[in-house]
Amino acid sequence: MENVRTILAIETSCDETSVAVIRRTIDSSDHDPDSAARYQVLAHVTLSQIELHVPYGGVFPNLARREHETNITHVIADALAQAGLLQPKPTPSTLNPELLGEILSREQILLPIISDFITQHEIPAIDAIAVTVGPGLEPALWVGINTTRALATAWNLPVIPVNHMEGHILSCWAIDTEFSAPSIPLPGIALLISGGHTEFIQVNSWGSYQYLGGTVDDAIGEAFDKAARQLGLAYPGGPKISKLAAEFESTGAALDPKYELPRPMINSGDLRMSFSGIKTAVRYLVDKLKAANGGELTDHDIAATCYSFETAVSDVMARKTRLAIESTAAQSLIIGGGVAANARLRAMLQSVANEYDIALALPTNQLSTDNALMIAVAGIQREATRDLSVLVAQGNLQF
Ligand code: KG4
Ligand code: ZN
């Protein structure tokens, strides 16, 4: 006996418009719960707005909202087509304008596009729609939430609200287009490191979480981006800092003490972290270096500061990660978020996991950044509901 469930998942919490279709098949004759559920990625389409936000030095919320409104329907259509679930109607139906008018009263760009899409296509063979309800940028989140309300109403389907951070925790599951629940021993510590978050969460079981501590000010990715800006590197600065730091290291040169940066709260004895101090220290350092060189930074100054910044951040994260493991009975370390793409941090986390002889679960680079597949993996485990108000009520759900 097989139990099959297919869902569409939508993610618009920041600057990626992303849609996935996932199918779970449970073989009820299999008594091993881990191998009983098989997951198939039927489609995954992500449209990044990052280029549009570069001139603003960060994600500009209302621009993000406008882009999501313009593109979300096309991304959904592409994903359904990729999954083989998009069927044009021989003759377009008519849609009662009041049906979606109220739900999308604030999405005037989206309303005509999605109305056309609905009237021109058959209802796809899916069981529910999952959507990120928070945390994230509110104007951006609303586009995904209201798109989901509109489609659920037009297609008469239930919905599944998903917490974005749970998505990041589960992003390590989807190692291929087909997978089953990974054999990561629990309880584990999830470390979520992104442009908006830096936090330790205890994973008691998949679906049961407890916040342990995190940044008291800037997120780690934000610190990377702001430090990069001080150094004249364009947004998003994380990957650029990473590249220049590696280049500096490969020269084998020792770091001149004048580039040293502080490690705020490293000795606080708890899991609180602070990154705004490092960012400010970079600003003072840059001012000092410029003053010593006729108002300009040399290439060596930039590369040495990148290396110094990255090692400072990595030292803080290493100390806090050890503390998180020691203060819980963690059997695994689970990483999620865009900053997980950083090679130095990945290597540091691997060596900390080896030190304690615990498992390390990392997402692929593609699934480190925001994506709908992780939302699909989290959503397909959860109950669907016909009560659309849960999407609104949980709009800013936090751990
Ligand atoms: O998870 P994500 O895609 O979006 C948020 O939810 O924030 O993370 C984006 C963040 C940006 O701050 C970016 O600079 C950072 O991840 N990032 C990196 C690297 N790649 C992306 N930071 C350091 N090193 C990297 N290689
Ligand atoms: Zn994220």
Kindly indicate whether ILE241 is in contact (Cβ under 8 Å) with a residue 40 or more places away in the chain, part of a helix (DSSP H, G or I) and away from ligand 1 (no atom under 12 Å from the Cβ).
-> no
Hey, could you check the stretch 202-256 for residues that are of a type in the set (Val, Ile, Thr) and within 16 Å of ligand 2 (Cβ to nearest atom) and say which is farthest from the chain's Cα centre (by Cα)?
-> THR215
If we keep just the residues of the stretch 49-76 that are hydroxyl-bearing (Ser, Thr, Tyr) and in contact (Cβ under 8 Å) with a residue 60 or more places away in the chain, which is surrounded by the most Cβ atoms within 10 Å (Cβ to Cβ)?
-> THR73
Mind listing just one residue for me: the one in the stretch 131-169 that is surrounded by fewer than 21 Cβ atoms within 10 Å (Cβ to Cβ) and in contact with a Lys or Arg (Cβ under 6 Å, 6 or more places away or on another chain) and, of those, farthest from GLY338 (Cα to Cα)?
-> PRO158
Read through the list (1) under 27 Å from ALA125 (Cβ atoms); (2) assigned to a helix (DSSP H, G or I), then give the number of the only condition that LEU63 fails.
-> (1)
Say we look at the stretch 146-172 and pick out the residues that are more than 16 Å from ligand 2 (Cβ to nearest atom) and hydrophobic (A, V, I, L, M, F, W, C); which of these is nearest to ILE189 (Cα to Cα)?
-> ILE160
Close pairs from the stretch 118-147: first under 24 Å from LEU95 (Cβ atoms), partner among the acidic types (Asp, Glu), Cβ under 6 Å, at least 6 apart = VAL143/GLU69; ASN146/GLU107
Looking only at the stretch 77-122, which residues are assigned to a loop (DSSP other than H, G, I, E, B), out of contact with any strand residue (DSSP E or B) (no Cβ under 9 Å at 6 or more places or on another chain) and surrounded by 19 or more Cβ atoms within 10 Å (Cβ to Cβ)?
-> ILE103, LEU104, GLU107
Qualifying positions in the stretch 195-208 - modelled with pLDDT under 95 and within 14 Å of ligand 1 (Cβ to nearest atom) = GLY195, GLY196, HIS197
Which pairs do you get when a residue that is closer than 17 Å to ALA150 by Cα, found in the stretch 83-101, comes within reach of a residue that is part of a loop (DSSP other than H, G, I, E, B) and of a type outside the set (D, E, K, R), reach meaning Cβ atoms under 8 angstrom, with the pair 6+ apart or on two chains?
-> none
For the stretch 317-399, list the helices (runs of 4 or more DSSP H) that sit wholly inside it and hold at least 2 residues that are within 26 Å of ILE126 (Cα to Cα) and free of Cβ contacts under 8 Å to residues at least 24 places away in the same chain; which are they?
-> 389-393
Please work out which one of (1) at pLDDT below 95; (2) small (Gly, Ala, Ser); (3) away from ligand 2 (no atom under 16 Å from the Cβ) is the condition ALA43 fails and give its number.
-> (1)
Selected residue [free of Cβ contacts under 8 Å to residues at least 24 places away in the same chain and either closer than 30 Å to PRO182 by Cβ or in contact with a helix residue (DSSP H, G or I) (Cβ under 8 Å, 6 or more places away or on another chain) (or both)] from GLU310, GLU296 | GLU296
Within the stretch 166-194, work out how many residues are among the small types (Gly, Ala, Ser), over 16 Å from ARG38 (Cβ atoms) and within 16 Å of ligand 1 (Cβ to nearest atom).
-> 4
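The values are calculated or read from the model by the stated rules, or taken from the named source; none is laboratory data. Bear in mind the structure is a predicted one, so any value in this text is a computation, not a measurement. Here the Cβ is made from the backbone with ideal geometry for all residues, glycine too, and neighbour counts use every protein chain on show.
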